[in-house]
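Okay, so here's the structure we're looking at.
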Amino acid sequence: MIPAQPRGSATLRREIARRRTFAIVSHPDAGKTTLTEKFLLYGGAVQLAGSVTARRDQRSTTSDWMELEKKRGISISSTVLQFDYRDFRINLLDTPGHSDFSEDTYRVLTAVDAAVMVIDAAKGIENQTRKLFEVCRQRGVPIFTFMNKLDRPSREPLALLDQLEDVLGIAAYPMNWPLGTGQDFKGVWDRCDRVAPHLRGDAEGELPGAGHQRRADRSGHPRSDERAVVPCPAGRDRAAGRRGHGIGRRRHRLGPDDAGVLRQRAQQLRRAAAARRLPRALAAAGLSRRSGSITVQPDQEAFTGFVFKIQANMDPRHRDRIAFVRVVSGTFNRDMSVTVARTGAKTRLSNAAKVFGRDRETVDEAYAGDVVGIVGNSRLIIGDTLTEDPAIAYDEIPRFPPECFSYLENTDTAKFKQFRNGVDQLLEEGVVQRFEQPDSSRQRQLIGAVGPLQFEIVQYRLESEYGAAARIVPAPWTVARWVESELADRDLPLPGDASLVRDALGRRIALFVNEWSLRYFSDRHPGVKLHVSPQ
Ligand code: G4P
């Protein structure tokens with residue numbers, strides 16, 4: 001029996017209760033940046049619409065800070081934006097917006113309590129949405145779905161709900177409902193408050209039978225924005241999702257009968273939630289986390305947190321390295337001394353910052369739910385647990401098996417030192433993974449990533465941040481599997497076009513040219529166990 005951890009003060013509990021830590025995920029172009037901007041705007045964190053999305057004219061933006069991001073008009077590296085909205089303290093973790101899925105996105109999703117999934121209402125669920133959803137499901141991250149671009153011709157709302165159910169297998173309860181689409185779009189109907197507070201043009205005002213006036217929050221902003229989402233409790237319970245079956249197939253317009261169908265769905269979801277078959281929703285503050293057999297509650301007194309991201313050279317003027325720590329429990333104080341669970345060593349968290357785009361602000365205190373950037377502490381690596389309670393060590397952040405491989409070659413031997421330092425730093429950040437081959441050398445290294453854009457990022461950052469020129473030479477493999485076998489390397493009967501390599505911890509990995517080759521090998525050699533992640 002694990003003794004209960006001492007609970008923190010009333011201040012700590014109050015601060016935790018008002019925190020909301022989430023990420024916005026979407027297929028590129030669905031509207032993630034636009035929505036981020038709205039959050040920032042209503043939270044008063046930016047003054048001017050367009051300061052985040054102004055990509056076209058290449059102006060510098062709040063969340064896209066790298067040169068490459070500006071050049072390509074994409075968001076490569078995640079940033080953390082903290083701002084207040086009404087009584088809440090919002091921690092919005094940005095995720096890369098390009099079409100390659102990257103491990104960075106996955107790591108961000110380990111640090112959030114919920115995710116908002118933005119869907120283009122004309123396109124429905126797209127590829128990237130599906131992948132990101134799958135990661136949220138695996139991690140049990142509750143999802144709110146935001147159907148965007150309703151002012152353009154879009155699919156019928158119930159058809160979109162149906163697609164959520166059919167493709168992602170989740171039940172959804174619409175919090176609000178579009179009044180018309182495309183040119184006829186009038187605004188949204190808030191199904192909780194029974195008002196239409198966000199109507200366009202002449203249509204603005206109370207709807208017949210609504211029984212409420214348009215409302216604004218204290219800052220004068222329409223209240224509906226925080227509810228312009230359809231919460232889709234995802235992840236932990238597929239079965240609950242299936243039970244909310246098929247309303248879209250029966251009706252695609254919200255008439256009185258449809259309202260009845262939606263009410264019925266709401267009841268089903270309420271019952272599922274009561275039976276704890278659905279995860280807590282966006283309205284929930286920091287979640288508890290497991291450390292072996294211990295459940296760590298956010299309001300326990302002892303500070304704990306983990307590093308989910310490392311980023312060097314965010315500010316070209318300082319060339320420093322920031323470790324982003326998600327505070328899981330207790331209170332963070334600048335200068336506090338904590339144990340790094342991996343090494344057992346004590347470290348002082350002296351230089352702590354809140355990072356907003358390029359801007360930094362010193363952080364003296366932070367609470368469970370917050371993200372703190374620890375600047376210049378070279379001892380920290382991704383996945384590290386920082387703790388005041390030596391009994392707590394959070395699970396390692398799992399790595400994805402790479403699907404693309406390339407050789408990274410140093411093209412200027414005079415700059416070898418810069419090349420080596422740059423590669424080491426980018427490996428620490430987890431931009432790519434490195435693999436040892438018998439003929440690897442420091443000048444020519446085999447690297448792997450989930451998406452090929454990561455190679456371009458490595459090449460670009462080596463040059464721009466370290467002054468090292470590098471060449472990327474594609475390698476033929478697309479499937480990686482960790483090997484479990486008694487056989488020695490030379491006795492493993494791998495096909496001629498496969499390769500046996502080692503990861504950073506010396507574990508053996510077989511690289512295959514394609515899934516077919518992998519299957520062919522597995523069928524013939526069932527004694528050699530192949531795993532998608534290290535054992
Ligand atoms: P992303 O971060 O998910 O990649 O998408 P982003 O917000 O950049 O939006 C992609 C495009 O869709 C942008 O247009 C944006 O203005 C537009 N958009 C986003 N939300 C809505 C919406 O609700 N309605 C309509 N009609 N358009 C929307 P763009 O032309 O690519 O850029 P911009 O010049 O408008 O910034």
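The values are calculated or read from the model by the stated rules, or taken from the named source; none is laboratory data. As the structure is a prediction and not an experimental result, all values here were calculated from the model. Positions of Cβ are generated from backbone atoms using ideal geometry, with glycine treated the same way; all protein chains shown enter the neighbour counts.
Remarks
- Looking only at the range 101-133, and only at residues there that are among the β-branched types (Val, Ile, Thr) and touching a residue at least 60 places away in the same chain (Cβ under 8 Å), the one that is nearest to the ligand (Cβ to nearest atom): VAL118
- Residue in the range 142-152 that is among the hydrophobic types (A, V, I, L, M, F, W, C) and modelled with pLDDT under 85 present: no
- Residue list for the range 4-42, restricted to those being surrounded by fewer than 20 Cβ atoms within 10 Å (Cβ to Cβ), within 12 Å of the ligand (Cβ to nearest atom) and part of a loop (DSSP other than H, G, I, E, B): PRO28, ASP29
- Residues that are touching a strand residue (DSSP E or B) at 6+ places or on another chain (Cβ under 6 Å), part of a loop (DSSP other than H, G, I, E, B) and of a type outside the set (Asp, Glu), drawn from the range 97-116: ALA111, VAL112
- Cross-chain or 6+ apart pairs with Cβ under 9 Å, the range 414-425 first and over 13 Å from VAL458 (Cβ atoms), then among the hydrophobic types (A, V, I, L, M, F, W, C) and surrounded by fewer than 18 Cβ atoms within 10 Å (Cβ to Cβ): LYS415/ALA469
- When residues in the range 134-147 are screened for being within 15 Å of the ligand (Cβ to nearest atom) and either surrounded by fewer than 21 Cβ atoms within 10 Å (Cβ to Cβ) or more than 18 Å from LYS186 (Cβ to Cβ) (or both), 2 of them pass.
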